[in-house]
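The values are calculated or read from the model by the stated rules, or taken from the named source; none is laboratory data. Since we're looking at a predicted model, the values are computed, not measured. With ideal geometry, Cβ positions are generated from the backbone for all residues, glycine too; neighbour counts draw on all protein chains shown. Areas reflect the complete protein model, heavy atoms only, side chains present, ligands, DNA and RNA absent. Shrake-Rupley method; radii C 1.70, N 1.55, O 1.52, S 1.80 Å.
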Amino acid sequence: MADYGTDDTAPELTLFDIAWEDVLFAKLLPLLSLADLFNLRCCSRLSKQLVDGGLRSRRIVNLSGNNSRSVHRAFRVLSRKCRNVRTANLAKCGWLSDELLAEFLRANTKIRRVNLSDCVNVTPVGLQPIIIECKQLQELKLARCSWLTIGAIEALTLHHSAPGAHGIVELDISHCVGLNERCISIFLLNMRQLRTLAVAYIPAVTDNLLYSIAKNAKAMRHLNIIGCQLTTDRGVGALSLYCTGLESLMVRDCPGITERSLSLLRGRVFIDRPRNFQQQMNVAPNVALPRLYLQV
């Protein structure tokens, strides 16, 4: 019988003996959360090398709503180590600044999806790498970013409609009250491949923007105009005629839009307002409504 040795002579295998590139980087590390990766990174020098190598090929960074005390330090590490991030969800990160964001974006220029919604400490300066260098960007979410300016949207339009840019297919600028209808219309004119647009609660949005969507964004699939109180049935009627691929339309809190135009879309488009919806009437409490009499 062959002697395979005893426990004293058997080699001791560890995690680090497994093939890094083919197994650990490709199969194991993507299953770990960022918190788990940083805990592993603190264990030893070898584990630090392992995690740093895995971060270089990491595709997704999700820190949405993470405002823990030292998260900004961890983000600096990500900025230094990550080079192939495709999706970054940084929504509601109050610690995020222009400096931190710009450093991260310049290291990951192949990024395709960015969510900066509710990032109150960022300014248009932090968007410069997105506008100028991230030519593969396809989805950008900036909801409730009150710092977003008309100039930033115009620069975004200019650089991402140029040759070599993939073109943006999803944009969320809801609650960005500093924007006007003209800069959004110019964006639509140059981004005809746009499929998803959210402009909820932007006071400047009127039927003119819906006409622009109907004319220039016929590939539109999902449109959110909640709270755009200057829109009417005329604009929705134009959408029903020209945006034949429309799949969902959000029109809550739009008193000028009625069932007269929505009925043209029902059956083929999801609408967030039921058929028998009635607008709430602004009536003072305890005040009776006048009776209506029919004249015969």
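Before rounding to the nearest 500, sum -39500 (n - 2.57) across all DSSP H runs of length at least 4 in the chain and divide by the residue total; then give [θ] at 222 nm in deg cm²/dmol. Per the formula, -8500 deg cm²/dmol. Have a look at the DSSP beta bridges in the chain and tell me what percent are antiparallel, nearest 5. Counting DSSP beta bridges with both partners in the chain, the antiparallel share is about 0 percent. Solvent-accessible surface of protein heavy atoms, probed at 1.4 angstrom with all chains present, puts 226, 150 in the order 150, 226, largest first. Simple rule: put +1 on each Lys or Arg Cβ and -1 on each Asp or Glu Cβ in the chain, find the dipole, and look at 173, 66, 236; the Cα lying farthest toward the positive end is 236.
A simple spin-label model places pseudo-atoms 7 Å from Cα toward Cβ; at residue 106 and residue 162 they are separated by 1.8 nm. Once the 1.4 Å probe is applied to the protein heavy atoms, the chain comes out at 56 Å² accessible per residue. Where a Cα-Cα gap under 22 Å defines reach, which lysines qualify for residue 48, not counting those fewer than 8 residues away within the same chain? Output for residue 48: 27, 81. Its Cα centre serving as origin, segment 168-282 has a Cβ charge dipole (Lys and Arg +1, Asp and Glu -1) of approximately 340 debye. The modelled label-to-label distance between residue 242 and residue 83, using points 7 Å beyond Cα along the C-beta direction, is 4.6 nm. Heavy-atom surface analysis with a 1.4 Å probe gives the chain a carbon and sulfur content of 53 percent of its accessible area. What net charge is computed for the residues neighbouring residue 227, neighbours being all others with C-beta under 11 Å from the C-beta of residue 227, Lys and Arg scored +1, Asp and Glu -1? Local charge sum for residue 227: 0. Simple point charges give the picture: +1 on the Cβ of Lys and Arg, -1 on the Cβ of Asp and Glu, and for segment 23-167 a dipole about the Cα centre of about 680 debye. Rounded to the nearest 0.05, the FRET efficiency derived from the C-beta distance between residue 180 and residue 123 at R0 = 22 Å is 0.70.
Give the cross-link partners of residue 135 among the aspartates and glutamates, using a straight C-alpha distance below 15 Å as the criterion and excluding same-chain residues fewer than 8 apart. Within the straight-line cut-off, residue 135 pairs with 170. Coordinate range of the alpha-carbon atoms in segment 43-200 per principal axis, descending: 56, 33, 23 Å.
Dipole magnitude for the chain: computed about the Cα centre from +1 point charges on Lys and Arg Cβ and -1 point charges on Asp and Glu Cβ, it is near 860 debye. Accessible surface of residue 211, taken over heavy atoms with a 1.4 Å probe and every protein chain present, rounds to 90 Å².
Cross-link partners for residue 92 among the aspartates and glutamates, with Cα-Cα distance under 14 Å and sequence neighbours closer than 8 places in the same chain left out: 118. Highest average first, the peptides 256-269, 168-181 ordered by how many other beta carbon atoms sit within 10 Å of their residues are 168-181, 256-269. Modelled spin-label separation between residue 12 and residue 264, with each label point placed 7 Å from Cα along the Cα-to-Cβ direction: 7.6 nm. Across 81, 110, 27, the residue with the most accessible area heads the list, and the full order at a 1.4 Å probe is 27, 110, 81.
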